[in-house]
Amino acid sequence: MDLTKLSASLHDCQRCQLSTGRTQVVFGTGNPQASIMFVGEAPGFYEDREGIPFVGAAGKLLTELLQSIGLERSDIYIANVIKCRPPNNRDPLPDEIDTCKPFLLQQIALIQPKLVCTLGNFATQTLLEKKVGITKVRGQVIQLKHFVLFPLLHPAAALHQGNLRVPLKEDFQKLKTVLEQMSKTPFLPNASSPPTLSTSKAPSKEVPADPPTQMNLF
């Protein structure tokens, strides 16, 4: 199995109710051999229309943030937890996450990135398998079994709440430092273990009620 075959196997996916309202499956895009992968929540209107993750306003901001640290979209791989657009951009339901999660994990296994950046609550909680608010773990280096996790605020949240733009930009600068260190050594001495919190199959929508907390990496 490779990414092309996995994508083809999902082309006409009917495994959950999202298949009835989508335009197309949004599998993922980018460098299949990328060392860094970004994972978002689910396709939106423009993603559903074009079949590519992060092509709307949030995608434009993501591209700008990548370029600010010397990366292009062609350097990374981008996917979502959910491959089909939920109606009216509603929150993904627990059964939809459970249905799609194995395919995200297959993507990660095939790409074998050294670093996975989760964007927002849903992606972060899905890969951590724990209910934890993004404002509590954003900008932290978390060592998982097969890769390093680096949670980030979702660009869409920064577009809707202007006060989140600064911490998002700050965390991308932290990401640049992490990538520089990882290029020198695969072991990050300051990486933390996953937070020990209650598990949740239904991650909460990103609503950062508390001010984002600045956390030091090094």
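The values are calculated or read from the model by the stated rules, or taken from the named source; none is laboratory data. Owing to the predicted nature of the structure, the values given are computational and were not obtained by experimental measurement. Note that we place each Cβ from the backbone using ideal geometry, even for glycine, and neighbour counts take in every protein chain shown.
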Q: Determine, yes or no, whether PHE27 is of a type outside the set (Ser, Thr, Tyr), more than 30 Å from PRO167 (Cα to Cα) and not in a strand (DSSP E or B).
A: no
Q: Go through segment 1-36 and give me each residue that's under 22 Å from ASN88 (Cβ atoms), hydroxyl-bearing (Ser, Thr, Tyr) and in contact (Cβ under 8 Å) with a residue 12 or more places away in the chain.
A: SER19, THR23
Q. Is it the case that THR126 is under 12 Å from the mean Cα position of the chain (by Cα), closer than 22 Å to LEU61 by Cα and buried (at least 23 other Cβ atoms within 10 Å of the Cβ)?
A. no
Q: Enumerate the helices (runs of 4 or more DSSP H) found wholly within segment 37-145, keeping only those where 2 or more residues are touching a residue at least 60 places away in the same chain (Cβ under 8 Å).
A: 57-68, 94-111, 121-128, 134-137
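Residue-by-condition table, conditions (1) closer than 16 Å to PRO53 by Cβ; (2) under 16 Å from the mean Cα position of the chain (by Cα); (3) among the aromatic types (Phe, Trp, Tyr); (4) surrounded by fewer than 21 Cβ atoms within 10 Å (Cβ to Cβ):
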site	(1), (2), (3), (4)
ASN89	yes, no, no, yes
PRO94	no, no, no, yes
LEU105	no, yes, no, yes
ILE111	yes, yes, no, no
Q.
Being in contact with a helix residue (DSSP H, G or I) (Cβ under 8 Å, 6 or more places away or on another chain), surrounded by fewer than 23 Cβ atoms within 10 Å (Cβ to Cβ) and at pLDDT 95 or above is the requirement here; does SER74 meet it?
A. no
**Q.** Subset of segment 152-190 that is outside any helix (DSSP H, G or I) and at pLDDT 95 or above - its residue that is farthest from ALA42 (Cα to Cα)
**A.** GLN161
